[in-house]
Amino acid sequence: MNLVQGYEAVCVFVNDRIDKTTLKKLSENDIRLVALRCAGFNNVDLEAAQEFGIKVVRVPAYSPGAVAEHAVALILTLNRKTHKAYNRISENNFSLEKLAGFNLAGKTVGVIGTGEIGSVFCRIMLGFGCNVIASDVHESQTLKQSGVVYKTFAELLGESDILSLHCPLTPETHHLFNKKAFKKMKKGAMLINTGRGALIKTKDAIDALKTEQLGHLGIDVYEQEEKLFFRDLSEMIIPDDLIARLMSFHNVLITAHQGFFTREALDQIASITLQNITDFEQGKAIKNEVTVN
Ligand code: NAI
């Protein structure tokens, strides 16, 4: 069934692959606008969109706090093991055995990408009493004044007890965390990824977990998530051996791309997306257009 026939715009989400083939088909069906209901746009071939005369819009900052707070939730859960305590207590097991965590105050937290989400995350971690260090191609003066210290990526790897990824997925950041990067991390450090799955090379993360070089891994995004996330596969055999291996580690926590999923963020996504489409429909300047450069 051709769902796009008779329409000028399509509305897509984070795991819809809008590649050249898709865009060509959309263009042949007179689609002129792709409206993303998300902030990241790595799933769209912007050059092809330009070639076919299709505009692309996104929702740049619907609720940075929603994602930043989810990153903190992953840290707190991995560290204080509340998910394990919950399961234990539901079975009348009140033992504290193996539930010890560590104090966040005084620990060094490295933040990669201090844009909308990274900035909120930095402020939350400063509130916990952490030393917050960061790397970004653009340094924020406001964050510096709040106590964030900018360093190189290599310095972040070597100094951080916890690392959190808040940069976009680009050719430069693809597999930023690979074998080489894991080797340079502090032994036993925690890595949190609420950015995009392919910022981490999963195979190398598994190796780092096996050698205990990586102490904890919390991910809300995964390289091959488009085949898994947002679906109930409870009665299926998972064909992806990498995620199955990740799920087998006691010190790995996976959520299925729910960082954005708060009532406030959903309201913002809906209203900004409708505004983007209305601006396009009325021929107004489109504030949230994404272009090649
Ligand atoms: P943003 O554009 O405000 O900030 C991204 C920051 O990363 C910018 O300051 C940029 O200069 C920096 N950056 C770019 N390349 C870098 C590099 N090589 N090293 C260090 N920093 C670099 O984006 P925002 O809104 O903060 O979102 C960040 C990412 O979070 C998005 O690209 C998206 O992939 C992800 N995201 C995840 C969600 C989830 O539900 N888990 C929801 C929304 C966004």
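The values are calculated or read from the model by the stated rules, or taken from the named source; none is laboratory data. Being a predicted model, the structure only gives us computed values, none of them experimental. Note that each Cβ is placed from the backbone with ideal geometry, even for glycine, and that neighbours are counted across all protein chains shown. Surface areas here come from the heavy atoms of the whole protein model, side chains and all, with no ligands, DNA or RNA. Shrake-Rupley method; radii C 1.70, N 1.55, O 1.52, S 1.80 Å.
Heavy atoms only, probe 1.4 Å: what % of the accessible area of the chain goes to carbon and sulfur, would you let me know? Accessible surface attributable to carbon and sulfur in the chain totals 53 percent.
For region 1-90, which trypsin sites (Lys or Arg not before Pro) are both in a DSSP coil and crowded by at most 11 other Cβ atoms within 10 Å?
Here the trypsin sites (Lys or Arg not before Pro) that fit, given the DSSP loop and packing criteria, are ARG17.
Distance between the 7 Å Cα→Cβ label points at GLU51 and ASN293: 1.9 nm. With the Cα gyration tensor of region 9-141 giving a ≥ b ≥ c as the square roots of its eigenvalues, does the rule (a/c under 1.5 for rounded; else a/b larger than b/c for prolate; else oblate) give rounded, prolate or oblate? Here region 9-141 falls in the oblate category. Taking label points 7 Å from Cα along the Cα-to-Cβ direction, ARG245 and LYS187 give a separation of 2.2 nm. Here r is the Cβ-Cβ distance between HIS83 and ASP30 and R0 is 41 Å; the resulting FRET efficiency, rounded to 0.05, is 0.25. Take each peptide in 230-242, 177-189, count the other Cβ atoms within 10 Å of every residue, and average; sorted highest first, the result is 177-189, 230-242. Averaged per residue, region 64-254 has 51 square angstrom of accessible surface, using a 1.4 angstrom probe with ligands and nucleic acids left out. Over all directions, the projected convex hull of the C-alpha atoms in the chain averages 17.6 nm² in area.
Working from Cα positions, state the angle (0 to 90°, nearest 10) between the long axis of helix 116-127 and the longest principal axis of the chain. With both axes taken from Cα atoms, the answer is about 20 degrees. The alpha carbon centroids of region 35-60 and region 201-259 are separated by 27 Å. Please give the residues of region 38-78, grouped as numeric ranges, whose backbone N is less than 17 Å from a label point set 7 Å along the Cα-to-Cβ vector of LEU99. Those under the cut-off are 76-78. Evaluated with a Cβ-only charge set (Lys, Arg +1; Asp, Glu -1), region 64-254 carries a dipole of roughly 600 debye about its Cα centre, given to the nearest 20.
When nucleic acids and ligands are ignored and a 1.4 Å probe is applied, LEU104 ends up with an accessible area of around 10 Å². Ordering PHE230, ILE277, ALA134 by Cα displacement along the dipole of the chain toward the positive end leaves ALA134 in first place; charges were set at the Cβ atoms of Lys, Arg (+1) and Asp, Glu (-1).
Taking all C-alpha pairs of region 95-215, those more than 20 Å from each other amount to 41 percent.
Packing order of peptides 158-166, 122-130, highest average first: 158-166, 122-130 (average count of other Cβ atoms within 10 Å over each peptide's residues).
Taking every pair of Cα atoms in region 196-293, average 1/r, invert it to obtain the Kirkwood radius, and report Rg/Rh to two decimals. That ratio equals 1.13. Rank CYS38, CYS11, CYS167 by mean-square fluctuation in a GNM of the chain with C-alpha springs under 10 angstrom and give only the top-ranked residue. It is CYS11.
From its DSSP helices (H runs of at least four residues, each -39,500 (n - 2.57)), the chain gives a residue-normalised ellipticity at 222 nm of -10500 deg cm²/dmol.
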